[in-house]
Amino acid sequence: MSVDSETLAVYGAQAQAYADLTEGLEGDKHLAAFIAAMPPGARVLDLGCGPGRAAAQMADRAFVGDAVDAVPEMVDMAAAHPGVTAWQASFDEIGGVHIYDGIWANFSLLHAPRSELPGHLATLKTALKPGGLLHIGMKTGTGEARDTLGRLYTYVTGDELRGLLKSAGLAIGPSWTGRDTGLDGTAADWIVIHAHA
């Protein structure tokens, strides 16, 4: 699997705490922009869906949503939302050709090893319909490290992420940066990029 066992165990043990932390997602301007960019009845993938709040909002818009996560406790929480189809899968179990109008990869691929990012992004590009939208959020920095909870992170610079997206055949769109406090209580810088197949 593309996410290491220690990271999965942390999310399994902290599933409810993580759900509580992401409670305010309803006001997420990036999710609103992603939803607004989708055509009526869009098919979307929530990659690393966590407790399923984003997938639930997409389902509320009558999108056909697939929500996947490698943590069974998260999958159970996501599947409890009306209209959300959720199942357990790791990044390397994603496949398909020209399936999705949009893929929401919001701070999920940051747990993949750096060496696997090019392959994952190429797979996501292939899974998008022509012109489809990839939303990706990553923490910025360099190297790989574990946080105080034991989760493994791959940090990227903005230029590095843009280069990875271009190499996967994606066209770079707008980007946003910011700084937020995560589950471990530590503030971290991040970047969000929209890219099109």
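The values are calculated or read from the model by the stated rules, or taken from the named source; none is laboratory data. Remember, it's a predicted structure, so these values are computed and weren't measured experimentally. FYI the Cβ positions are ideal-geometry reconstructions off the backbone, even for glycines, and counts take in every protein chain you see. Ligands, DNA and RNA are stripped out before the accessible areas are found, and what is left, the full protein with its side chains, is counted by its heavy atoms. Shrake-Rupley method; radii C 1.70, N 1.55, O 1.52, S 1.80 Å.
Give the peptides 105-117, 64-76 in descending order of average Cβ contacts within 10 Å, highest first.
64-76, 105-117
For the chain, give the percent of accessible area contributed by carbon and sulfur heavy atoms, probe 1.4 Å, rounded to a whole number.
On the way: 4420 of 8340 Å².
Roughly 53 percent of what the probe reaches on the chain is carbon or sulfur.
Counting pairs of alpha carbon atoms under 8 Å apart in space and at least six apart in sequence, what relative contact order in percent does the stretch 60-107 give? Walk me through the numbers before you get to the answer.
Working: 40 pairs, mean separation 15.4, N = 48.
For the stretch 60-107, the relative contact order is 32 percent.
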key: Phi-based couplings in Hz for the stretch 123-137 (Karplus 6.51, -1.76, 1.60; Gly and Pro marked x)   = 5, 5, 4, 5, 6, 7, 5, x, x, x, 9, 9, 9, 10, x
ask   = Where a Cα-Cα gap under 20 Å defines reach, which lysines qualify for LYS29, not counting those fewer than 8 residues away within the same chain?
value = LYS139
key: Cα centroid of the stretch 48-71 to Cα centroid of the stretch 93-124, whole Å   = 15
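What is the gain in length, in nm to one decimal, between THR186 and ALA171 on full extension, counting 0.36 nm per residue of separation less the C-alpha to C-alpha distance? Before the final figure, lay out the partial values.
Values: separation 15, 0.36 × 15 = 5.40 nm, distance 3.23 nm.
Here the segment from THR186 to ALA171 would lengthen by 2.2 nm.
How many percent of DSSP beta bridges within the chain run antiparallel, rounded to 5? Can you show the working numbers first?
Numbers: 19 of 38 bridges.
Rounded to the nearest five, the antiparallel share is 50 percent.
Defining a contact as two alpha carbons under 8 Å apart and six or more residues distant in sequence, what relative contact order in percent does the chain show? Working shown, then result.
On the way: 425 pairs, mean separation 37.7, N = 197.
Relative contact order comes out at 19 percent.
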ask   = Can you list residues whose amide H is under 5 Å from TYR100's amide H, if they're 5+ apart or on another chain and H is modeled 1.01 Å from N?
value = LEU128, LYS129
task = Using Cα positions and a limit of under 13 Å, work out the aspartates and glutamates in reach of LYS129, with same-chain residues fewer than 8 apart set aside.
result = ASP101
ask   = Near the amide H of ARG146, under 5 Å away, which other amide H atoms are found, from residues 5 or more places off or on another chain, if H is placed in the peptide plane?
value = TYR153
request  = Of all alpha-carbon pairs in the stretch 37-181, indicate the percentage at a distance above 22 angstrom.
outcome  = 38
key: Ellipticity estimate at 222 nm from DSSP helix runs (n ≥ 4, -39,500 (n - 2.57)) divided over the chain, nearest 500   = -9000 deg cm²/dmol
task = Using the Karplus curve 6.51 cos²θ - 1.76 cosθ + 1.60 with θ = phi - 60°, work out ³J(HN,Hα) for each residue of the stretch 184-197 in order, rounded to whole Hz, and write x for Gly and Pro.
result = 7, x, 9, 6, 9, 7, 9, 9, 10, 10, 9, 9, 10, 6
key: Backbone HN-Hα couplings from phi across the stretch 155-163 [Karplus 6.51/-1.76/1.60, Hz, Gly and Pro as x]   = 9, 10, 8, x, 5, 5, 5, 4, x
Cβ charges +1 (Lys, Arg) and -1 (Asp, Glu), total dipole of the stretch 80-197, debye = 200
